[in-house]
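Data block below; observations after.
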Amino acid sequence: MLPWVVRRTRLPLLALRCVHCGSESATTGKGRFRVNANGKLLHVWLLVRCVSCNWTIKLAVHERVPVRSFDPVVLDRYHTNDPGLVASTLLDPLLARRNRFTLDWEGAWRLDAPPSWPDEAWPVQVEVVFEDPVPVRPDWLIAHGLGLSRNEVLRRIKCDVPLRRTTSAGFTFTVMAGD
Ligand SMILES: [Zn+2]
């Protein structure tokens, strides 16, 4: 089984309407949280910026959560803008749902596939692993990864998931011998 890995190369942009200029693209930049204490309750926001006008948009991560319910280590990571926590916060589907944005993955990921096709007996099996939740259409990914046309993909690929349905979950496929 050949391994293919889908991984991000940077953080994706956010498709999010700016109230200041109306543009629909925002970036996390280097990643910054804001933590506010209100008595014993904490608010945590992820700060993102409009790509056009630099307006700051606050995305609610935690609202009115008792301080004592935070792990001190995690709280410290919010205070120091820990890059790993910025990434996992941004990629958490709950954040997107709560703050009504979608992620724009264009140009923010790559496919790592073995450089040369090994001299294996047909058919060849490939396992696709997602290190990050990048939404891809299997038929597009396979065509791109193997340098095949969409028609060839339909003819030569047997796949355990629907080829045209966008997914971010791992799958396997089999490449049958060509003509
Ligand atoms: Zn703007």
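The values are calculated or read from the model by the stated rules, or taken from the named source; none is laboratory data. Nothing here was measured: the structure is a model prediction, and the numbers come from that model. Every residue, glycine among them, receives a Cβ derived from its backbone with ideal geometry; neighbour counts consider all protein chains shown. Side chains are part of the model used for accessible areas, which takes the heavy atoms of the whole protein and leaves out ligands, DNA and RNA. Shrake-Rupley method; radii C 1.70, N 1.55, O 1.52, S 1.80 Å.
Given R₀ = 22 Å, what would the calculated FRET efficiency be for Asp160 paired with Ala108, taking r from the Cβ atoms and rounding to 0.05?
Step by step, r from the Cβ atoms, then E = 0.25.
Ignoring ligands, DNA and RNA, how do Lys58, Lys30, Lys40 rank by accessible area with a 1.4 Å probe, largest first?
Lys30, Lys40, Lys58
How much length would be gained if the chain were fully extended between Ser25 and Ser168, taking 0.36 nm per residue of separation minus their Cα-Cα distance, in nm to one decimal? Kindly include the intermediate steps, with their values, before the conclusion.
Details: separation 143, 0.36 × 143 = 51.48 nm, distance 2.20 nm.
Answer, rounded to one decimal: 49.3 nm.
Rounded to a whole number, what % of the accessible area of the chain do carbon and sulfur atoms account for, probe 1.4 Å?
Roughly 50 percent of what the probe reaches on the chain is carbon or sulfur.
Could you sort Arg165, Arg150 by their accessible area in this structure, using a 1.4 Å probe and putting the largest first?
Working: Arg165 160, Arg150 110 Å².
Most to least solvent-accessible, the answer reads Arg165, Arg150.
Ignoring ligands, DNA and RNA, what accessible area per residue does the range 22-179 give at 1.4 Å, in Å²?
I get 60 Å² per residue for this part.
Between the range 150-179 and the range 49-72, what is the C-alpha centre distance in whole Å?
40 Å
Which of the cysteines found in the chain have nothing to pair with, since no other Cys Cβ lies under 4.7 Å from theirs?
Isolated Cys, the chain: Cys159.
Identify all lysines with a Cα-Cα distance to Lys158 below 28 Å; exclude those on the same chain that are fewer than 8 residues away in sequence.
none
Which percent of the Cα-Cα distances in the chain go past 31 Å?
34 percent
HN-Hα J couplings of the range 32-42 from phi, Karplus 6.51/-1.76/1.60, θ = phi - 60°, integer Hz, Gly and Pro as x?
9, 9, 10, 10, 10, 9, 10, x, 9, 10, 10
Applying 1/(1 + (r/R0)^6) with R0 = 25 Å to the Cβ-Cβ distance of Val73 and Arg98, what FRET efficiency is obtained, to the nearest 0.05? Present the calculation step by step, with values, prior to reporting the outcome.
Numbers: r = 24 Å, r/R0 = 0.95.
The computed FRET efficiency comes out at 0.60.
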